[in-house]
Every structure is written in structure tokens, then in C-alpha cells.
Amino acid sequence: EAQVTQNPRYLITVTGKKLTVTCSQNMNHEYMSWYRQDPGLGLRQIYYSMNVEVTDKGDVPEGYKVSRKEKRNFPLILESPSPNQTSLYFCASSLYSGQGHEQYFGPGTRLTVT
Amino acid sequence: AQKITQTQPGMFVQEKEAVTLDCTYDTSDPSYGLFWYKQPSSGEMIFLIYQGSYDQQNATEGRYSLNFQKARKSANLVISASQLGDSAMYFCAMRAMNTGFQKLVFGTGTRLLVSP
């Protein structure tokens, strides 16, 4: 089954404790992206990647890191999480980054930082 | 800069009726794509429909159609014959050429409630 998977689905952590949210897709997509969703703000793009070893900042990259060492994986790293990073996080992928390519979303990771 | 505006925080509709969810966009690019996504209470994001800026016809996918008015910069989603399962958040989003289509910008969403 074609899908985007994220782990963990739920995470409660404390301020400053490094964490990684994994994202993997099995569709051989070149483009992958991370979003955060907050009430009243919709989804905002954190980072995106056009292909292996090619990543760039989205609109809200502060406090996050990413890497793309393999085509299928695009982990999101929070080196020192803070409470303002409490949010619902989505990973997404599309075949390419072109105009008409819809993105397939993972199930989401709900992160709480205390 | 790109921007998507969804002015309806919430909408109510009765089952079997049609409903229109508004979306206006702002971009100076001639080439862009517009998307609608549905987010049910379970949380996943489901792609519904796509409209390209050069498409002459309004996009349709089953009960979903997109009322694309380029001069007004609007891309409203029309759901015909609403069903209880249509109750969800709906997001309008855009990709534009000035970002190399790398960035997908979302609106703040509209919560639709379908009543029996």
C-alpha cells in the first residue's frame, strides 16, 4: 500500500530533550516536506526537500533540523524542544515539486513539550 | 508573497444540500496550482481536488467541484449532496512558480458541520 508513515504518533517530552520524528514514504517520491498545524493558523511549512541531500527552509524553520540521506526517509529533528513547539506535525511527499503534484500526507505526530 | 484566505471559520449545512467553501488567494505569479484538502476528526489530510492556473475548465471530482474565478482570485470548493461524513476541516492551499513550486501555502481552514 502506498503510504507515508510517521513515528511516533504521539509524544510527550520535556524542554531541552532532543527528539526525532521519523518520516518514510514507499512511493519513490522525490519531494518531501514537514508541516506543523496549530489552531487558527492552518498548516505551515517547516522544511522541504527536493531530493536526496537537497533541503531548504520553509516558513517556520527555527528550532528544527532535517536531513535527507535516503530518498524514502525525511526525519525531523528538534535539538532542544521548547513548549512553543507543541503542535501537530505532518510529513508529506509528492512525486515532484511541480505545479500539479498533490502531496500525500502522513497520519500526523502530536507533540507536547512540557 | 503567496497567501491563502479562508474567511469562513465554520459552516453548517443540512444533509443532501450543496455547500460552498470560500477560498481567495494572492500571488503575482501567472503559474500556480490550487488544492483542497479535507481533515476529518481523525486528523489525517486527504487530497480532494486540484486546479491549475491555466486550466480552462473548473475541476471536478465526484461530488467536489472547484469554482475557479481567476480574475477574482478565488477558488471556492463546492460540495454537492452533502453527507454526514463530509463533516470535517477543509483547507485550501497553493503552490506557485515564484517558489519553484517548492512551498505549499495553506489557509486557516473552514470547519464544515453536516446535520441530518
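Quick rundown of the values:
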| quantity | calculated |
| --- | --- |
| Subset of region B:1-55 that is within 9 Å of chain A (Cβ to nearest Cβ), in a loop (DSSP other than H, G, I, E, B) and closer than 14 Å to residue B:108 by Cβ - its residue that is nearest to the chain's Cα centre (by Cα) | B:6 |
| Residues located in region B:69-116, provided they are in a loop (DSSP other than H, G, I, E, B), away from chain A (no Cβ under 14 Å) and of a type in the set (A, V, I, L, M, F, W, C) | B:71, B:81 |
| Conditions (1) surrounded by fewer than 16 Cβ atoms within 10 Å (Cβ to Cβ); (2) within 13 Å of chain B (Cβ to nearest Cβ); (3) under 30 Å from residue B:7 (Cα atoms); (4) not charged (D, E, K, R); number of the one not met by residue A:96 | (3) |
| First in region B:90-116 and over 16 Å from residue B:76 (Cβ atoms), second anywhere and modelled with pLDDT of 95 or more and acidic (Asp, Glu), Cβ under 6 Å, 6 or more apart | B:114/B:15; B:114/B:86; B:116/B:15 |
| Strands (runs of 3 or more DSSP E) wholly inside region A:16-87 that include at least 3 residues being within 14 Å of chain B (Cβ to nearest Cβ) | A:31-38, A:42-51, A:54-57 |
| Residue in region A:1-8 that is loosely packed, with under 14 Cβ neighbours inside 10 Å, free of Cβ contacts under 8 Å to residues at least 40 places away in the same chain and under 23 Å from residue B:37 (Cβ atoms) present | yes |
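The values are calculated or read from the model by the stated rules, or taken from the named source; none is laboratory data. Given the structure is predicted, the values throughout are model-derived calculations rather than measurements. All Cβ positions, even for glycine, are placed from backbone atoms using ideal geometry, and neighbour counts span all protein chains on display.
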